[in-house]
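The values are calculated or read from the model by the stated rules, or taken from the named source; none is laboratory data. No experiment lies behind these values; they were computed from the predicted model shown. Cβ: placed from backbone, ideal geometry, glycine included. Neighbour counts: every protein chain shown.
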Amino acid sequence: MRIILSNILAIYRRELQTYFASPFAYAIAAIFWLLSGFFFVIILLGPDGLLVQIGQRDQAGITEPPIDVPYQFLSIFLNLLGSLALFLLPMLSMGLYSEERKRGTLELLATSPVTNWAVAVGKLLGVLTFFITITLPIVGLEAIAFSASNPPASFNVLLLGHLGLILMAAAVLSLGMFISSLTDSTILAAILTFALMMLLWITDLIASGIGGALGEAIGHLSLIKHYSDLSRGVFNSSSIVLFASYVFLGLFLTAQSVEAFRFQRS
Amino acid sequence: MIEVEHLSKTYGATPAIADITFSVEKGEILGFLGPNGAGKTTTMRILTGYLPATSGTARVAGFDVHENSLAVRQRIGYLPETPPLYTEMTVEGFLYFVARIKGVAAGDRAARVQTAITRCNLIEKRHTLIRKLSKGFRQRVGLAQAIVHDPPVIILDEPTVGLDPRQIIDVRNLIKSLAGDHTIILSTHILPEVSMTCSRVAIINKGRVVATNTPDRLMEELTGGNGYELEVEGDFAAVQERLQNLAGVKSVEAILSDPAKPNAADPLPEHHFKIRLVSQPGADEGRAIAATVVGAGLGLFEMRRTAVTLEDVFLELTMEDASADPDTPDANDADLPEPTNTQQIPEPATGGEAA
């Protein structure tokens, strides 16, 4: 057990090192910060922003029902952040295995006394840590804005929203990692992951299109539904279970596909 | 240390290796010699647990490579054909990573990495990013990663490919210095490499081991020593069988039969053939050969004794590849006069430099 943990740690550290040494990762982070910062400012201060709307309401004399601005803002912003992450996450996961295959380093991992699971877990933790790191400045933005807000922002909503973002990222990255393990083309991995994410994203629409019990069942698989629940501060253990299931599924399929790759490689 | 029994591997319907059996004793260096695509890499991949065999067993240090894969992987250092390198890491950082995933205890890591770096002559490059290293240095980092955890068994897939002559000598010396404590299998298609580094050779062709022995014994047993090279004019086919039936002749083949071949250094006139005869051990049938050729009404233009090299063994054992690659003997012949030429030229040249 200790050996497995130390292996996971070794893979994790190497993976992190790769991200922090890679100009590509910084480019992704920069785009993410630029766009999320832009959304943040537009939603809050823009011409149609929340503050302007509140001001117009106040001028018109409407005070009922009272509006919880931080709450409103957070759910809108987190939803946008989720969509943005959906574009960026496939780019983070695309190289996880395809690069190793292309460079032949998978042969090193596969001939080392490390299980496929340990490699997959280490890699997922590494890329997830990188994602969490690039969301930290956004938490900083929120802290600045909410420190001045009245009524004060609910800490629970803030926490749940970000937990939701991380869980969704973990689910997307895990599935993306599996797709990356199927091909040695990084671009193909990104495209396929993106397609899968779109599918999971619009499961809601598909579900309501089908309707009935089947539709409802499919609807539960939707990433966006569970994520927006969490971002609105609604804690539902089924959301946690769903995200955890996606993560586990991704890890399981990755480990299996690397094993199968060994068996059929010519 | 390594026992391989009846190992076979097929990709779909194509057999990559078929019924391979060999064993390597502790401390030996076994050279895997074979043309490209003979199954060397496949065999090595099976030994390292990277590929499963279709049938047969392979055991490393007493552990079955399939059943006990993790135990085997712990005891093996492996350098694949392309060195598996994380190019964004420094040499030292990469070796630390490999030491970690190979299960080197935390306390030993610094010493092991240091040893590997020293052995592979990487000291001045230890803090360099692998991305910035030349091919030769990358190959050495690949070697260092194979020995960093001090494994009892080291498997090297074409370790000297792409290196300059100086580096090749370094790598060969390194490999030789590893023998004794380590059991080594290396694959190559460079013939001198085998006689220089290996204590035993396994010649592998079309997925089968066609011979195993020490390099010297292989030459002795398989070809006996002498042979002749002839240039004759006339119908080669008519005389081939008669030559073949002479006492002491082991094999007869035309090595250069097409005078129109553009890559022949010295094109033969029409109806001329170059023939290579390989003798049985201890036989010297020169007189009979000449008599047979002349007696058959063919013209004999050249006849000379050839010393047998490992190359001949190899060519004989992998006959079809020999005919596909007729340059090899000629290239050697062409090399010979060159040193004499260059020796003559440098004298005035060095004189000029001195002045």
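Brief remarks on what is shown
- Residue in segment A:63-83 that is in contact with a Gly (Cβ under 7 Å, 6 or more places away or on another chain), in a helix (DSSP H, G or I) and touching a residue at least 12 places away in the same chain (Cβ under 8 Å) present: yes
- Taken residue by residue, segment A:10-30 has at least one member that is within 14 Å of another protein chain (Cβ to nearest Cβ) and among the basic types (K, R).
- Any chance A:L124 is in contact with a Phe, Trp or Tyr (Cβ under 7 Å, 6 or more places away or on another chain), buried (at least 24 other Cβ atoms within 10 Å of the Cβ), closer than 24 Å to A:L223 by Cβ and of a type outside the set (F, W, Y): no
- Set side by side, the residues B:A38, B:A16 differ, and just one is on the phi < 0 side of the Ramachandran plot, within 9 Å of chain A (Cβ to nearest Cβ) and among the small types (G, A, S), which is B:A16.
- B:T82 within 26 Å of B:K176 (Cα to Cα), within 7 Å of chain A (Cβ to nearest Cβ), polar (S, T, N, Q) and surrounded by fewer than 20 Cβ atoms within 10 Å (Cβ to Cβ): yes
- Hits in segment B:151-164 (condition: modelled with pLDDT of 90 or more and surrounded by fewer than 23 Cβ atoms within 10 Å (Cβ to Cβ)): B:P151, B:P152, B:V153
- Hits in segment B:133-150 - residues which are under 18 Å from B:K102 (Cα atoms) and surrounded by 20 or more Cβ atoms within 10 Å (Cβ to Cβ): B:V141, B:G142, B:L143, B:A144, B:Q145, B:A146, B:I147, B:V148, B:H149
- Every test in (1) modelled with pLDDT of 75 or more; (2) surrounded by 18 or more Cβ atoms within 10 Å (Cβ to Cβ) is passed by B:F301 save one, and that test is (2).
- Out of A:N150, A:N156, sole residue that is surrounded by fewer than 16 Cβ atoms within 10 Å (Cβ to Cβ) and in a helix (DSSP H, G or I): A:N156
- Tabulated pairs, segment B:87-104, first more than 7 Å from chain A (Cβ to nearest Cβ), second of a type in the set (G, A, S) and in a helix (DSSP H, G or I), C-beta under 6 angstrom, 6+ apart or interchain: B:L95/B:A116; B:L95/B:A144
- Any hit, segment A:120-131, residues being polar (S, T, N, Q) and within 13 Å of another protein chain (Cβ to nearest Cβ): no
- Scanning segment B:6-48 for residues that are at pLDDT 85 or above, in a loop (DSSP other than H, G, I, E, B) and more than 19 Å from the chain's Cα centre (by Cα) turns up B:E25, B:K26, B:G27, B:T48.
- Residue match in segment A:35-42 (condition: buried (at least 17 other Cβ atoms within 10 Å of the Cβ), of a type outside the set (F, W, Y) and assigned to a helix (DSSP H, G or I)): yes
- Those helices (runs of 4 or more DSSP H) of segment A:173-266 in which 1 or more residues are within 14 Å of chain B (Cβ to nearest Cβ) occupy A:237-264.
- Condition met for B:R138 (among the basic types (K, R), under 21 Å from A:R101 (Cα atoms) and within 14 Å of another protein chain (Cβ to nearest Cβ)): yes
- Annotation note: of B:I130, B:I185, the sole residue that is within 15 Å of the chain's Cα centre (by Cα) and not polar (S, T, N, Q) is B:I185.
- Some residue of segment A:166-174 being of a type outside the set (V, I, T) and more than 22 Å from A:L74 (Cβ to Cβ): yes
- Residue in segment A:98-118 that is crowded, with 17+ Cβ neighbours inside 10 Å, in contact (Cβ under 8 Å) with a residue 12 or more places away in the chain and away from every other protein chain (no Cβ under 14 Å) present: yes
- Of the residues B:E220, B:E193, B:E229, the single one that is touching a Lys or Arg at 6+ places or on another chain (Cβ under 6 Å) and either at pLDDT below 85 or buried (at least 18 other Cβ atoms within 10 Å of the Cβ) (or both) is B:E229.
- Flag if B:A61 is within 12 Å of chain A (Cβ to nearest Cβ) and among the small types (G, A, S): no
- Residue in segment B:109-132 that is at the interface with chain A (Cβ under 9 Å from one of its Cβ atoms), among the charged types (D, E, K, R), crowded, with 20+ Cβ neighbours inside 10 Å and free of Cβ contacts under 8 Å to residues at least 40 places away in the same chain present: no
- Selection status of A:S75, more than 18 Å from the chain's Cα centre (by Cα), more than 10 Å from every other protein chain (Cβ to nearest Cβ) and among the small types (G, A, S): no
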